[in-house]
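Contents: one structure, followed by commentary.
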Amino acid sequence: MVKGSAEAAGHDHHHGISAASLNWILAKADEAKAKGKQVMVMMHHQLVPHIDDQASLLGDAMVADVENVRQQFLAHDLHLFLTGHIHISNGTPWYSDNNKTNSIVEVTTGSVIAYPCHVRTITMNAERNAISFTTSSITKTPGDSNFATTALNRAKASSRATVSSLVWHNWDEISGLFSDFGVTLSQEDFTEACVSGLGDAISELNITMSKGNEQNSGVTPAAMSRKLDTGVDATCDVLLADQNFLVKLMAKSVAKGRFHDMLDEA
């Protein structure tokens, strides 16, 4: 593991790696390799996307100029990267060619104070040609026997913040859409209706993402889509409760389409 002064290396305080920093990293990697050392890289931001459409949804989570940086790292025989930032635990490979002969493997780990409070243990074999990861969770601390429960409740509560953010960013369009059908609600009342109808589904989605490696969780995309559909139906029923059948039918169809656009963005 190569350590050094970030300031001396020309650290970029955003999500980019300055030319000076990159040159310093590559020189240290070459120096370590010449001494027969196995190098792994620890960095805050990602080189590899860990969720669908990460570049547009979490643009600042990825290292700037990532294609060039990945190729430079591979050229200097750097393959294993330990990252954080997005607060999920996940492992994802990236291949430089279609034959999958040269790869970067990036392992990201969540925060110890954010559910499920993961800690990683890394084990390297004696030959230094294989590494394994063991993941555990902090469930209690000397001062808090309910540490895990508190973290879980905080994660569930974050669904309200997600819904509130969606409504706030889309409020002009949402209020215009529903006012066309005779529905006038304050932003606060509308948010409460969305939290009531969609909160559980979004909470489950947030928690599944936080755990990472969601393909192994048993929560399938199809199941989540059905749950979100049910939540959208419930929310529209609340918002359109006072409308007649024809208005409700028309408005619900239009509203569901926009809701799904919002959820896709989320």
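Listed values, structure above:
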item: Tally, over region 182-203, of residues that are surrounded by fewer than 17 Cβ atoms within 10 Å (Cβ to Cβ) and not in a helix (DSSP H, G or I); result: 4
item: Verdict on Asn68 being open to solvent by 70 Å² or more (accessible area, probe 1.4 Å) and of a type outside the set (A, V, I, L, M, F, W, C); result: no
item: Any hit, region 204-227, residues being among the aliphatic types (A, V, I, L, M) and more than 30 Å from His118 (Cα to Cα); result: no
item: Among residues of region 87-98, those that are outside any strand (DSSP E or B) and open to solvent by 30 Å² or more (accessible area, probe 1.4 Å), counted; result: 4
item: Selection count, region 85-108, where residues are within 15 Å of Arg120 (Cβ to Cβ) and touching a Ser or Thr at 6+ places or on another chain (Cβ under 6 Å); result: 6
item: Residue in region 91-112 that is touching a helix residue (DSSP H, G or I) at 6+ places or on another chain (Cβ under 7 Å), at pLDDT below 90 and closer than 21 Å to His44 by Cα present; result: yes
item: Those strands (runs of 3 or more DSSP E) lying entirely in region 99-160 with at least 1 residues among the charged types (D, E, K, R) and open to solvent by less than 60 Å² (accessible area, probe 1.4 Å); result: 103-108, 118-124
item: Selected residue (only one of Ala55, Ala6, Ala27, Ala75 is modelled with pLDDT of 85 or more, exposed (fewer than 14 other Cβ atoms within 10 Å of the Cβ) and touching a helix residue (DSSP H, G or I) at 6+ places or on another chain (Cβ under 9 Å)); result: Ala75
item: Residues of region 78-90 satisfying the condition of being among the polar types (S, T, N, Q) and at pLDDT below 90; result: Ser89, Asn90
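The values are calculated or read from the model by the stated rules, or taken from the named source; none is laboratory data. Note that the coordinates shown come from a computational prediction; the quantities given were computed from them, not determined experimentally. So basically every Cβ, Gly included, is an ideal-geometry build from the backbone, and we count neighbours across all protein chains shown. Just the protein is used for accessible areas: all its heavy atoms, side chains included, with ligands, DNA and RNA removed. Shrake-Rupley method; radii C 1.70, N 1.55, O 1.52, S 1.80 Å.
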